[in-house]
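Visitor: Please find one structure pasted underneath; my questions will follow.
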Amino acid sequence: MKLAVIGCGYVGLVTGSCLAEAGHEVLATDNDAFRIATLQDGKIPIYELHLDSVVETVVREGRLRFTADCAEAVRAADVIFICVGTPPTDSGDADLSAIENVARLIARESSTPKLVVEKSTVPAQTGEQLKRALQVYARNTDVKFHVASNPEFLREGTAVEDFFHPDRIVVGVEDKESEQQLRELYAPILEGRFRCPVHQPNCPPAATPEFVVTTIASAELIKHASNSFLGLKISYANVLADLCERLGGNVDEVTRAVGLDPRIGGQFLKAGLGFGGFCLPKDIQAFIKLADRAGIEFGLLKEAERVNKQRIDRLLEKIKKALWVMKEKQIGVLGIAFKPNTDDIRLAPAIEVIRRLRAEGCVVRATDPEAMTRARVVFPDLSLLVDPYEVARGADALLILTEWEQFRRLDWKRIRNEMARPLVIDGRNMLRTADMQALGFEYMSFGRPEFAPVPSKF
Ligand code: UGA
């Protein structure tokens, strides 16, 4: 079975290279010729754990090839994965123009049967439109197209691990033949017959992933429903954090105990600055729109979205309360990426926080282990420093906006000594209040008791 991956963004790169690692022959393409040239040069344009070594291996072994000729990729393939972007439009709907362009290309270039698989996150009923576009633009009306939906549940930062160790593989199909093709394609993962790029020499024991076969519309809905529910959980934890602040509880204790109930589960209950990135916020927005258009009021999600947007206001309130006058205050920022282990800053809460601090007249210095290059594009004149201790030097406050492990392991005693005022506002509840207290910091976080010692010099 020959595979083509159209779109070499994050999803396309991970999907294409991991399917090649699992033993398939993959031709990956993108209409961005510069991106393809970079990949052909052996450079990976995103930071994702293990991805570089997977790509290097499969390219060397001849199972993955990059081409700027999208038509060539289409002609050669039996199965085509559409992995193009579906960014939000101004109205919050998903922009499906790239999907339509790809459909037209496939229709035009195909002379053999194709299984066309939606991998990009798309609203329900896109499969229907895709099928129609393939039919109406087909040059050769004898060619048979099948359409399937195979949503991805990969998390940035652990995408390679998630690919090889998924909880479930969902395929939305219309016929047995497509189901069988996708089952064969994923057989190495389902049967544990792959060389794991993450765990050496052996993978930890894990349950066999379930191969879930649904209709195309259900598969499309499953993706939006999953991401929206994750956002809902996070917003729930964040409202609990606000309540804890008012009523004197500790949100870490509350969510831990709540999450021990297997019906609820402990993941995605971490309170703080809220969810960012290019998936959860945009998928919730698109799901709300989809429901609106279907005449279903999804107020639950609207509220989750509203709570999430307010997290930045809540952080700013904390900063203002602690600093009093904002103008010309020196603020150090640890973390810009929307979460650790990625260089992705799209819809990262840190970007908005930095923007607002600067608008208030603060002098901001920031660092991030991987996201500085991207941050420089957004803030060409922001002081971006590699060394976190330099970021802390002379600062009136230090903010933790992404919970990178490197930050947890800093010499916090040294940080305290570098700062003009030892004030840490932890937007990710990364550090322990007791530890910061012992080190003599004024320490604030979300939903946990605050600690502000009287400085010894008074
Ligand atoms: C998300 C989903 O988790 C994946 O399953 C999905 O495949 C992916 O979107 C996608 O649609 O492509 P991702 O965007 O990589 O993955 O990031 P998450 O790990 O979900 O984190 C999203 C945001 O929520 C981050 O800003 C993170 O800091 C925040 N978060 C996460 C919290 O604030 N609290 C938590 O408890 C968990």
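The values are calculated or read from the model by the stated rules, or taken from the named source; none is laboratory data. All figures in this text were calculated on a predicted structure; none of them were measured in a lab. As a convention, Cβ positions derive from the backbone with ideal geometry for all residues, glycine included, and neighbour counts pool all protein chains shown. For accessibility, only protein heavy atoms count, side chains too; no ligands or nucleic acids. Shrake-Rupley method; radii C 1.70, N 1.55, O 1.52, S 1.80 Å.
Visitor: I need the helices (runs of 4 or more DSSP H) fully contained in region 402-448, keeping only those with at least 2 residues that are of a type in the set (A, V, I, L, M) and out of contact with any helix residue (DSSP H, G or I) (no Cβ under 8 Å at 6 or more places or on another chain).
Guide: 433-438
Visitor: Here is a check on your reading of the model: is P340 of a type outside the set (V, I, T), surrounded by fewer than 24 Cβ atoms within 10 Å (Cβ to Cβ), within 15 Å of the ligand (Cβ to nearest atom) and touching a residue at least 40 places away in the same chain (Cβ under 8 Å)?
Guide: Yes: the conditions hold for P340.
Visitor: Then there is this: I'd like to verify a number: residues in region 45-75 that are part of a helix (DSSP H, G or I) and either at pLDDT below 95 or open to solvent by 50 Å² or more (accessible area, probe 1.4 Å) (or both), how many?
Guide: Of the residues in that region, 7 qualify.
Visitor: Out of A225, A241, I need the residue that is under 30 Å from L96 (Cβ atoms), among the aliphatic types (A, V, I, L, M), part of a helix (DSSP H, G or I) and within 13 Å of the ligand (Cβ to nearest atom). Which one?
Guide: A225
Every residue, every condition in (1) touching a Gly at 6+ places or on another chain (Cβ under 6 Å); (2) closer than 23 Å to N341 by Cβ, yes or no:
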position	(1), (2)
H165	no, yes
E174	no, no
P188	yes, no
R263	no, no
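Visitor: Under the condition of being within 15 Å of the chain's Cα centre (by Cα) and open to solvent by 10 Å² or more (accessible area, probe 1.4 Å), which residue from region 8-26 is farthest from P166 (Cα to Cα)?
Guide: G9
Visitor: Next question, about the same structure. Does at least one position in region 382-393 carry a residue that is among the basic types (K, R), open to solvent by 20 Å² or more (accessible area, probe 1.4 Å) and more than 26 Å from the chain's Cα centre (by Cα)?
Guide: yes
Visitor: Give region 205-255 a look and list any residue that's aromatic (F, W, Y) and more than 16 Å from V307 (Cβ to Cβ), or say none.
Guide: The one that is aromatic (F, W, Y) and more than 16 Å from V307 (Cβ to Cβ): F211.
Visitor: Still on this structure, I have one more. Condition (residue is in contact (Cβ under 8 Å) with a residue 24 or more places away in the chain and under 28 Å from A103 (Cβ atoms)) applied to region 192-210: is it met by at least one residue?
Guide: No, region 192-210 contains no residue that is in contact (Cβ under 8 Å) with a residue 24 or more places away in the chain and under 28 Å from A103 (Cβ atoms).
Visitor: Every residue in region 296-312 that is under 19 Å from the mean Cα position of the chain (by Cα) and surrounded by fewer than 16 Cβ atoms within 10 Å (Cβ to Cβ), please.
Guide: K309
Visitor: Counting only residues that are part of a helix (DSSP H, G or I) and open to solvent by 60 Å² or more (accessible area, probe 1.4 Å), which one in region 139-179 is nearest to G9 (Cα to Cα)?
Guide: The selected residue is E161.
Visitor: Go through the residues of region 261-282 one by one and say whether even a single one is within 8 Å of the ligand (Cβ to nearest atom), touching a residue at least 12 places away in the same chain (Cβ under 8 Å), out of contact with any Asp or Glu (no Cβ under 9 Å at 6 or more places or on another chain) and over 14 Å from I234 (Cα atoms).
Guide: no
Visitor: Oh, and also: So which of E220, E191, E253 is out of contact with any Phe, Trp or Tyr (no Cβ under 6 Å at 6 or more places or on another chain), closer than 27 Å to G277 by Cα and open to solvent by 50 Å² or more (accessible area, probe 1.4 Å)?
Guide: E253
Visitor: Can you tell me which residue in region 229-250 is least open to solvent (accessible area, probe 1.4 Å), limited to those that are among the aliphatic types (A, V, I, L, M) and over 15 Å from R448 (Cα atoms)?
Guide: I234
Visitor: Let me ask something additional. Is there a residue being within 16 Å of the ligand (Cβ to nearest atom) and β-branched (V, I, T) anywhere in region 35-42?
Guide: Scanning region 35-42, I find no residue that is within 16 Å of the ligand (Cβ to nearest atom) and β-branched (V, I, T), so the answer is no.
Visitor: Here is a further query. Give region 344-371 a look and list any residue that's more than 16 Å from the ligand (Cβ to nearest atom), surrounded by 17 or more Cβ atoms within 10 Å (Cβ to Cβ) and of a type in the set (G, A, S), or say none.
Guide: A366
Visitor: Against the condition out of contact with any helix residue (DSSP H, G or I) (no Cβ under 9 Å at 6 or more places or on another chain) and modelled with pLDDT of 95 or more, how does E184 come out, does it pass?
Guide: Taking the combined requirement at face value, the residue satisfies it.
Visitor: Being within 21 Å of N227 (Cα to Cα), touching a residue at least 12 places away in the same chain (Cβ under 8 Å) and within 14 Å of the ligand (Cβ to nearest atom), is that true of even one residue in region 314-330?
Guide: Within region 314-330 (the criterion being within 21 Å of N227 (Cα to Cα), touching a residue at least 12 places away in the same chain (Cβ under 8 Å) and within 14 Å of the ligand (Cβ to nearest atom)), the answer is no, since none of the residues qualifies.
Visitor: Another question about this same structure. Can you name every residue in region 106-138 that is assigned to a helix (DSSP H, G or I), open to solvent by 20 Å² or more (accessible area, probe 1.4 Å) and touching a residue at least 60 places away in the same chain (Cβ under 8 Å)?
Guide: Selection gives E128 alone.
Visitor: Would you confirm, using the coordinates I've provided, whether E210 is over 26 Å from K282 (Cβ atoms) and within 16 Å of the ligand (Cβ to nearest atom)?
Guide: yes
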